[in-house]
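Step one of this worksheet: look at the structure below.
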2 protein chains.
Amino acid sequence: MTAATAKPASFSEDNSDDLVIARMASCPDARLQAVLASIVRHLHAAVREIEPTEEEWMAAIGFLTETGQMCDDRRQEFILLSDTLGVSMLVDAINNRKSRAATESTVLGPFHVAGAPHRALGETICLDGKGAPLVVSGMVRDAGGAPIPGATLDVWQANDDGFYDVQQPGTQPDMNLRGVFTTDAEGRYWFRSVKPLFYAIPHDGPVGRLLHALGRHPYRPAHIHFIVAASGYRPVTTHIFPEDDPYLDSDAVFGVKDSLILPFELIDDAEAAARHGVANPFWAVEADFVLDRA
Amino acid sequence: MTAATAKPASFSEDNSDDLVIARMASCPDARLQAVLASIVRHLHAAVREIEPTEEEWMAAIGFLTETGQMCDDRRQEFILLSDTLGVSMLVDAINNRKSRAATESTVLGPFHVAGAPHRALGETICLDGKGAPLVVSGMVRDAGGAPIPGATLDVWQANDDGFYDVQQPGTQPDMNLRGVFTTDAEGRYWFRSVKPLFYAIPHDGPVGRLLHALGRHPYRPAHIHFIVAASGYRPVTTHIFPEDDPYLDSDAVFGVKDSLILPFELIDDAEAAARHGVANPFWAVEADFVLDRA
């Protein structure tokens with residue numbers, strides 16, 4: 001065919017990303033432009049490396065479409081995809097750089113509820129009576145080791161069947177296994193709960209099928225969620241994990257950090273149980289949190 | 001907190017992709033494993049470069065979700081996203097590497113219909129009578145220049161209002177502006193149509209909003225689609241573009257290649273018009289196609 005003259009470079013495997021990025025030259029939003037340029041560079045680099053067949057490309061289109069269509073008010077399959085590909089934890093790490101002393105963060109997850117009830121130290125958060133009794137205690141300190149009185153700990157976890165209260169409205173009591181505690185004058189806190197168990201993330205959708213195809217399981221190791229905050233300090237969103245969990249090395253959402261794995265001890269001591277108001281034997285864990293100054 | 005012993009490396013900004021890829025070690029499908037490893041590498045590299053805030057990450061989740069939810073039987077918003085980010089054309093380029101002599105490929109697009117009517121040379125494909133008359137003619141040859149008799153040209157285009165027949169069922173005649181032609185003993189073909197016009201891709205969804213936010217328009221330059229095929233040769237899926245179109249340098253889907261831009265000539269010659277069976281004046285384009293051997 002006859003080529004016309006004075007056209008810009010024709011599309012090719014080598015310049016494809018340059019051409020797409022050049023087309024954003026008049027974007028009025030500098031941040032959006034930079035973000036999309038980075039996405040286009042890396043997306044084209046991945047396509048060049050993968051060399052997908054047209055059938056594979058179409059399978060990717062179908063997977064993304066189905067992932068969007070799986071989402072509704074109670075299910076967010078793209079967050080699940082982000083979680084299971086380690087992206088959510090990477091975004092968390094980037095947004096929560098800390099001093100070496102401070103408690104490490106991990107993902108918030110989709111089950112936090114704002115406005116959980118404030119409870120007195122020593123109260124239980126378990127309202128359905130299921131599970132092995134657990135006493136959680138510890139301190140909140142600053143990076144220099146000084147206790148922080150009046151710090152709040154917003155705590156939540158799944159119940160003994162592996163579900164959060166918001167996943168089972170009508171089945172679990174409202175605000176089951178949730179509560180906000182405040183440290184005492186010595187920076188100490190303690191409350192009663194039940195030992196958390198591992199559970200599966202929702203895996204009846206495209207992300208679950210992808211995990212299966214990749215030879216991966218859908219389990220998260222047992223954990224208790226915390227948001228620890230105090231006036232004048234940077235809050236931390238994190239978990240604690242019992243060290244005896246079988247999925248610590250293979251959390252489906254990559255949420256485990258070594259420093260967050262703690263020994264949960266089984267205590268057989270009738271007197272101590274009575275003092276804590278739990279049945280004997282009971283589990284106990286000590287979890288201290290360290291906050292950076294704001 | 002007390003760290004447990006003998007755990008694998010803890011998640012960090014530096015090793016996030018390594019940890020995710022290591023988790024696929026027992027994937028039974030080597031191709032899927034390689035594809036996902038590449039996706040994870042580039043995805044994490046993009047996130048490290050972009051350093052999204054948690055709000056930006058959530059905006060990305062929302063965009064992908066909405067893109068999936070925009071899709072139905074008649075609309076494929078993720079293909080549109082792939083098209084407008086140049087990914088569809090890159091996949092096309094990778095899957096259609098050719099000799100220097102062969103006609104270049106471009107995207108198939110979503111509007112091809114299998115089973116268009118076979119038509120005799122010289123027939124028109126325009127069934128709605130709208131638009132400026134056009135005569136398309138040319139040859140199909142091999143890479144050495146020898147004509148290929150019996151080659152088929154599957155042809156389709158939008159009508160004078162900028163829509164394909166399948167976008168307007170009931171409004172346009174069935175199979176409007178579609179037809180399959182076969183080259184004669186000298187490898188020649190010719191048919192009648194109307195001069196194509198530029199048109200907008202669907203832009204009332206999230207992809208249209210992204211284009212707008214990026215300072216991009218949603219137009220594709222005028223074009224006629226061809227799939228040219230012959231026994232013993234590799235078929236080519238391509239377009240031809242009139243050289244007078246205002247969007248040749250900014251096709252919303254990056255489908256233009258220099259070699260596919262052709263002069264469309266306006267001919268004022270009553271005798272020639274009568275010979276071709278078109279009104280005077282009329283447009284004419286000569287488009288030759290070159291196929292590589294299979």
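Considering the conditions (1) under 23 Å from the mean Cα position of the chain (by Cα); (2) over 18 Å from A:V236 (Cα atoms), A:G122 is excluded by exactly one of them, (1).
Among the residues that make up region A:262-279, is at least one of them among the β-branched types (V, I, T), surrounded by fewer than 18 Cβ atoms within 10 Å (Cβ to Cβ) and in contact with a Pro (Cβ under 7 Å, 6 or more places away or on another chain)?
Narrowing region A:262-279 to residues among the β-branched types (V, I, T): A:267, A:278.
Restricting the remaining residues to those that are surrounded by fewer than 18 Cβ atoms within 10 Å (Cβ to Cβ) gives A:267.
So of that shortlist, the ones also in contact with a Pro (Cβ under 7 Å, 6 or more places away or on another chain) come out as A:267.
Within region A:262-279 (the criterion being among the β-branched types (V, I, T), surrounded by fewer than 18 Cβ atoms within 10 Å (Cβ to Cβ) and in contact with a Pro (Cβ under 7 Å, 6 or more places away or on another chain)), the answer is yes, since at least one residue qualifies.
Taking the criterion of being of a type in the set (A, V, I, L, M), buried (at least 18 other Cβ atoms within 10 Å of the Cβ) and in a loop (DSSP other than H, G, I, E, B), the residues of region B:169-226 that qualify are B:L177, B:L197, B:I201, B:L214, B:A222.
The residues of region A:23-44 that are more than 20 Å from B:N96 (Cβ to Cβ), of a type outside the set (D, E) and either in contact (Cβ under 8 Å) with a residue 12 or more places away in the chain or not in a helix (DSSP H, G or I) (or both), listed by number, are A:R23, A:M24, A:A25, A:S26, A:C27, A:P28, A:L36, A:A37, A:V40, A:R41. Is it the case that region B:93-111 has a residue that's in a helix (DSSP H, G or I), among the aliphatic types (A, V, I, L, M) and in contact with a Ser or Thr (Cβ under 6 Å, 6 or more places away or on another chain)? No. Considering region B:45-55 alone, what residues qualify as being at the interface with chain A (Cβ under 7 Å from one of its Cβ atoms), part of a helix (DSSP H, G or I) and within 11 Å of A:V91 (Cβ to Cβ)? Correct list: B:V47, B:I50, B:E54.
Take the residues in region A:45-73 that are farther than 26 Å from B:R48 by Cβ and in contact (Cβ under 8 Å) with a residue 40 or more places away in the chain; name whichever of them is farthest from the chain's Cα centre (by Cα). Once the filter is applied, the top-ranked residue is A:E66.
If you take the residues in region A:62-121 that are of a type in the set (S, T, N, Q) and more than 9 Å from every other protein chain (Cβ to nearest Cβ), which one is surrounded by the most Cβ atoms within 10 Å (Cβ to Cβ)? Talk me through it step by step, then tell me what you get.
If we filter region A:62-121 for residues that are of a type in the set (S, T, N, Q), which is where we start, we get A:65, A:67, A:69, A:76, A:82, A:84, A:88, A:95-96, A:99, A:103, A:105-106.
Restricting the remaining residues to those that are more than 9 Å from every other protein chain (Cβ to nearest Cβ) gives A:96, A:99, A:105.
Working: A:N96: 18, A:S99: 11, A:S105: 23.
Here the answer is A:S105.
Condition check ((1) among the β-branched types (V, I, T); (2) modelled with pLDDT of 95 or more; (3) on the phi > 0 side of the Ramachandran plot; (4) within 20 Å of the chain's Cα centre (by Cα)) across all residues:
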position: B:M139; (1), (2), (3), (4): no, yes, no, no
position: B:D142; (1), (2), (3), (4): no, yes, no, no
position: B:P149; (1), (2), (3), (4): no, yes, no, no
position: B:D154; (1), (2), (3), (4): no, yes, no, yes
position: B:N159; (1), (2), (3), (4): no, yes, no, yes
position: B:P173; (1), (2), (3), (4): no, yes, no, no
position: B:R178; (1), (2), (3), (4): no, yes, no, yes
position: B:P202; (1), (2), (3), (4): no, no, no, yes
position: B:G215; (1), (2), (3), (4): no, yes, yes, no
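The rows are residues; the columns are (1) among the hydrophobic types (A, V, I, L, M, F, W, C); (2) under 24 Å from B:D14 (Cα atoms); (3) more than 12 Å from chain B (Cβ to nearest Cβ); (4) touching a residue at least 60 places away in the same chain (Cβ under 8 Å).
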site: A:I224; (1), (2), (3), (4): yes, no, yes, yes
site: A:I227; (1), (2), (3), (4): yes, no, yes, yes
site: A:V236; (1), (2), (3), (4): yes, yes, no, yes
site: A:F241; (1), (2), (3), (4): yes, yes, no, no
site: A:D244; (1), (2), (3), (4): no, no, no, no
site: A:L248; (1), (2), (3), (4): yes, yes, no, no
site: A:A252; (1), (2), (3), (4): yes, yes, no, yes
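May I ask you to list the residues in region A:265-289 that are in contact (Cβ under 8 Å) with a residue 40 or more places away in the chain, away from every other protein chain (no Cβ under 14 Å) and assigned to a loop (DSSP other than H, G, I, E, B)? Of everything in region A:265-289, those that are in contact (Cβ under 8 Å) with a residue 40 or more places away in the chain, away from every other protein chain (no Cβ under 14 Å) and assigned to a loop (DSSP other than H, G, I, E, B) turn out to be A:G277, A:V278, A:A279.
The values are calculated or read from the model by the stated rules, or taken from the named source; none is laboratory data. The structure displayed is predicted, hence computed values, not measured ones. Cβ atoms come from the backbone with ideal geometry, glycine included; neighbour counts cover every protein chain shown.
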